[in-house]
Each structure stands twice: as C-alpha cells, then as structure tokens.
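Take a look at the structure below.
Where a number appears in this text, it was derived from the coordinates with a stated rule and is not lab data. No experiment lies behind these values; they were computed from the predicted model shown. So basically every Cβ, Gly included, is an ideal-geometry build from the backbone, and we count neighbours across all protein chains shown.
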Amino acid sequence: MQRILFLFLVLTLCIQPIFSEVNPNSLGLPKEGYYIITYKNYSINLEISANGYDVRDGSSNEDSSGQADINYWIIPGKNKIKIRLTERKGKQKEGLPKEAEVKLILGQKGQFPDEGIPLKHFQWPDQTQANLGEWTELEFDPPFDPPSQLWKQAESISLTKEKETSVIEFASEFTKILNTKDPKKILSMIQFRAQDTSEVRYYPYVEADELKSINDMTKAIGSSWKLNTKNIKFTLLCNNQILSVTDHKGEPIITSKKGASIPLYLSWMNGKWVIVR
C-alpha cells in the first residue's frame, strides 16, 4: 500500500508540470500579433473609437457585425477604446431586443478573431451598465507595441491657426503631386506611411511594389484629384501625435471625379507635416 501511494505521488508530481504548461496564464501573452476589435449591434446604434480613431461612426441605423484591425492606432502606454450606444432614429420594429457587443482580441497571423486571446469585453445590456448616449471607456496597457517608428519621431501637436494654415498648404501641394501622375513624386510624399504601415502589419516593404501600386492608381484615376477646403475639421488622435483632416462630416477632403478618396492622417516631424497613416 505504501509503495502504491509513493508511485501515485511520483506520478502526480510528474504530471502536474505537463498540465501547467498548457495553461495560458503560465505561458504569458505573445510578443507580436494583431489587435482586433470585433463588434455586433442589434436594434441600437453603436459607435466605437480607438485612441480617437473612428472604428465605427455610429450613424447607421442597420444591424451589423464586423471587425477592425487597429494595429495602426495602438500607442505605447495606456490605450483607450470608447464605446457609445444611441437610440435609432425613425420607427423601429417592435419587440426586437436591443443588444451590442464589442471585444478587443489579440490575434495571430492565420487565426480567425475568435481564436485569439480576449483582452477586453463590452456586452450590453447583459454584462455592462451603460447609459444610452454616454461614452463608456475601456483602458488597457498593450502586452507589446506593434513595430513602428512613428511614436518615436512624431511630436505632440498643438493646433494653432498657423498650423491649420500649413496643413491646408500641405494638402494642396499633395493634391498637385497626385495630379502629376508621377509615381516617384507621389511615393516621396507617402514614403513614411508606406514603410511604417508595412512594419506595423509585419509585411516587408518593397519599393517596386509600391511604385507599381501607385502607377496602377494613376492609370485608373488620372489627374482628377480635387481638394475641398470648405468647413475643414481637424481632429487630434493617438495622444495628439496624429492629426486627422476631414470635412465637417468626417469625409476625406481629397477626392477624385471617379469616386476615389484619400484619407489624410498627418504627424509633425522635424518641423514639417508627414503623411503617416
């Protein structure tokens, strides 16, 4: 009996480390990957922002579900996801439950979002008490920062009339460059963005591929780019290190006759504006 008991204790000591190795808490979180927001909403409008970037603007009166990779908008240190629920406008079908869910997930290449590691969870009304029309803020410290040179180089932006004027001048120059249809000149304006966003997404940057992509765009769109300078809206994002430039409705100010548009996200680096996202 004592020998059997001894063998049982030995087996227990040998088996326990094996089980502890598959415990996610003991393994720790991965050192790279993708921060993904998944969402769904029924019979109620849903608005989501990540460090000021609009993941979902909340204007749609339709039920929806979707996902968004937010690696571009993850900053070193404390990050904030904000969520707001609002009643839908107009008549709605009676009896349908109002529900909304938002998840922040850490995923790996090749995974479906539901296979990733959940970091934050918002579920209304079952698990979260949130008043309609008010923002709910979820804070988190990322277990790792996506690779990026942006946050090391971008200065904190203080908006002044002088800065706003210089933004419009920059946007005007960029529009002129787009209309030259010269891939090399266009790439020179978006060089930082092309390289940094490739790094953030773990893709190799290949200049020849970028030039080909630009060349294909210019063939399709031509020199029909126009700049809208009426009612420009300036919005600071990501700890004031990125400036979003849109019209008063939140739409891009650089558009083409064929329906294409270019969002403008700028940072201030070494005394000048740089397209970064």
HN-Hα J couplings of the stretch 203-217 from phi, Karplus 6.51/-1.76/1.60, θ = phi - 60°, integer Hz, Gly and Pro as x? 9, x, 8, 10, 4, 4, 5, 5, 5, 5, 4, 5, 4, 5, 5
Taking only C-alpha pairs under 8 Å that are 6+ residues apart, what is the relative contact order of the chain in percent? 16
Under the √(5λ) rule applied to the eigenvalues of the Cα gyration tensor, what semi-axes describe the equivalent ellipsoid of the stretch 31-88? Give them in Å, descending. 24, 12, 8
All-pairs Cα distance distribution in the stretch 77-214, expressed in whole percent, bin size 5 Å: 2, 7, 10, 12, 13, 13, 13, 13, 10, 6, 2, 0
Amide H of TYR53: which non-local residues (sequence gap of 5 or more, or other chain) have their own amide H closer than 5 Å, using H built in the peptide plane? CYS238
Between ILE232 and residues 5 or more places away or on another chain, which pairs have amide H atoms under 5 Å apart, with H built 1.01 Å from N, and which residues are they? none
Can you give me the relative contact order of the stretch 56-124 as a percent, contacts being Cα pairs under 8 Å and 6 or more apart? 23
Bin width 5 Å, alpha-carbon pairs only: give the P(r) of the stretch 181-274 as whole percents, running from 0 to the bin holding the largest distance. 2, 12, 17, 22, 22, 17, 7, 1
Distance in nm between SER156 and ASP182 label points, each 7 Å along Cα→Cβ, equals 3.9
The stretch 80-186: which trypsin sites (Lys or Arg not before Pro) are DSSP loop and have at most 11 other beta-carbon atoms within 10 angstrom? LYS89, LYS91, LYS93, LYS109
For the stretch 124-277: relative contact order, % (alpha-carbon pairs under 8 angstrom, 6 or more apart): 25
For the chain, just the Cα atoms, rotate onto the principal axes and tell me the three extents in Å, largest first. 89, 53, 37
Going residue by residue through the stretch 233-239, the Karplus relation 6.51 cos²θ - 1.76 cosθ + 1.60 with θ = phi - 60° gives ³J(HN,Hα) values, rounded to whole Hz and with x marking Gly or Pro, of 10, 10, 10, 8, 10, 6, 6
